[in-house]
Amino acid sequence: MKANTARNNPMKPAFWARRAHKWIGLIIGVQALLWMISGVYMTVISLDIIHGDHLAHTHSEPLYPGASRLGQAELATRYPGITSLRIKRLLAREVYEVRQGGKTLLIDAASGKQVSPLKEATVLELAKATYQGDAKVDRAEWVTRAPQEVATRPVPMWAVHFADRGRTTLYFSPDTGELLARRHSLWRWFDFLWMFHIMDYEARSDVNNTLLRVAAATGLVFALCGMWLLFYSFQRRVRQ
């Protein structure tokens, strides 16, 4: 009876430590479970798979030796104000990627004709050449408002959806033909769990947000209370 009285005595530190441990455990327990579930997923699934490296390749094609190309002087005459340019392959032809201030253009290297923004037919051909799977294209979508999964990519963009098990989507820039992002089911699950892991429910990118700091500090208090109670229990048994 004396032991129980001491244990439930509000004047004893152990009483408040047990209460704090119990209630903090109820509050932080759900988040701790989410941390563990998301952590297991992140360690089990390889980042290369999450990034979709197996779904699409982005290696540059070699240029055609001796191909007929528009000279840089003539190019500068046709498109004044060029700040930078580079030549590259776009499917079966060579193009100049030209920057004019804040704009980027693709110019056919042979004819000097502007080929950007890319049309749907060109993007579909580009997506099929980039995709490494066997599935067919489900549809191409012109995106002017970026969805959450590509929120940091510039719009407008092309989204090409494939009819595979992972619901793969390849996003392309209409100005450069660049592959902006690869998205599939495993990536989307990763992103969903990452949101809970860092407790950023809007941008899903801020790992220093206030909510996460409060949860981490609360978890630390929970652990310290448990350690103190463990030490206190051993000391009490020794005295008894």
Taking segment 81-109, which residues are part of a loop (DSSP other than H, G, I, E, B) and of a type in the set (Val, Ile, Thr)? ILE82, THR83
All positions within segment 48-64 that are open to solvent by less than 90 Å² (accessible area, probe 1.4 Å) and in a helix (DSSP H, G or I): ILE49, ILE50
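Residue-wise test of (1) closer than 30 Å to VAL95 by Cβ; (2) more than 12 Å from the chain's Cα centre (by Cα).
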residue	(1), (2)
ALA151	yes, no
PRO156	yes, yes
VAL160	yes, yes
TYR171	yes, yes
ALA181	yes, no
TRP187	yes, no
SER205	no, no
ARG213	no, yes
Which of (1) assigned to a loop (DSSP other than H, G, I, E, B); (2) open to solvent by 30 Å² or more (accessible area, probe 1.4 Å) does THR176 not meet, given it meets every other one? (2)
Take VAL44 and decide whether it is open to solvent by 90 Å² or more (accessible area, probe 1.4 Å), at negative phi, modelled with pLDDT under 90 and hydrophobic (A, V, I, L, M, F, W, C). no
Within segment 65-80, count every residue that is surrounded by 12 or more Cβ atoms within 10 Å (Cβ to Cβ), more than 39 Å from the chain's Cα centre (by Cα) and not in a loop (DSSP other than H, G, I, E, B). 1
The condition of being modelled with pLDDT of 85 or more and not in a loop (DSSP other than H, G, I, E, B) holds, among ALA216, ALA181, only for ALA181
Which numbered condition GLU97 misses (of (1) open to solvent by 70 Å² or more (accessible area, probe 1.4 Å); (2) among the acidic types (Asp, Glu); (3) out of contact with any Phe, Trp or Tyr (no Cβ under 9 Å at 6 or more places or on another chain)): (1)
Can you spot a residue in segment 135-144 that is open to solvent by less than 70 Å² (accessible area, probe 1.4 Å) and not aliphatic (A, V, I, L, M)? no
Taking the condition assigned to a loop (DSSP other than H, G, I, E, B) and surrounded by 17 or more Cβ atoms within 10 Å (Cβ to Cβ), does LEU118 pass? yes
Applying the selection to segment 175-212, what residues are under 14 Å from GLY39 (Cα atoms) and in contact (Cβ under 8 Å) with a residue 60 or more places away in the chain? TRP189, PHE190, LEU193, TRP194, PHE196, HIS197, MET199
Restricting to segment 211-232, name every residue that is open to solvent by 100 Å² or more (accessible area, probe 1.4 Å) and either touching a Gly at 6+ places or on another chain (Cβ under 9 Å) or closer than 27 Å to TRP189 by Cα (or both). ARG213
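The values are calculated or read from the model by the stated rules, or taken from the named source; none is laboratory data. For clarity, every value in this text was computed on a predicted model and none was experimentally measured. With ideal geometry, Cβ positions are generated from the backbone for all residues, glycine too; neighbour counts draw on all protein chains shown. To get the accessible areas, we keep the full protein, side chains included, count just its heavy atoms, and leave off ligands, DNA and RNA. Shrake-Rupley method; radii C 1.70, N 1.55, O 1.52, S 1.80 Å.
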